[in-house]
Amino acid sequence: IITLSDLECDYINARSCCSKLNKWVVPELIGHAVVTVLMLISLHWFIFLLNLPVATWNIYRYIMVPSGNMGVFDPTEIHNRGQLKSHMKEAMIKLGFHLLCFFMYLYRLVSKIAPK
């Protein structure tokens, strides 16, 4: 979010912004896929079903990168067709999702550990 807002305010150029963001696309994809599979294996159905659409979206976004682009974030296209705004909106939605998941995981952890 900070990197995208720096690009929006012209504090950094598009190439350095996109290279910073593209560096984290694959680790995010792998991490989220691993968490989703672990929730499936451990039979936490609600959390699995909550994570499945986000994991699917990450995989879809990575697969649908046009050939010739630098990655999911491309410096030549990020200012075109409102892509910067859509990337900002996606980042805010993911931030909200991860905050929700953090508190759900924390609640589950405390409820399992706390004596009754």
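Any read-out appearing in this document is the output of simple, stated calculations on the displayed coordinates, not a laboratory observation. As the structure is a computational prediction, the values presented were derived from the model and not from experiment. Every residue, glycine among them, receives a Cβ derived from its backbone with ideal geometry; neighbour counts consider all protein chains shown.
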Could you grab me the full set of residues in segment 62-76 that are free of Cβ contacts under 8 Å to residues at least 24 places away in the same chain and not β-branched (Val, Ile, Thr)? MET64, PRO66, SER67, GLY68, ASN69
Please find, among LEU7, LEU29, the residue that is out of contact with any Ser or Thr (no Cβ under 8 Å at 6 or more places or on another chain), over 22 Å from ALA55 (Cα atoms), in contact (Cβ under 8 Å) with a residue 12 or more places away in the chain and not aromatic (Phe, Trp, Tyr). LEU7
Please state which of the following conditions VAL37 fails to meet, knowing it meets all the rest: (1) within 22 Å of GLY96 (Cα to Cα); (2) surrounded by 15 or more Cβ atoms within 10 Å (Cβ to Cβ); (3) of a type in the set (A, V, I, L, M, F, W, C). (2)
Of the residues in segment 49-60, those that are surrounded by 14 or more Cβ atoms within 10 Å (Cβ to Cβ) and without any contact (Cβ under 8 Å) to a residue 12 or more places away in the chain come to TRP57
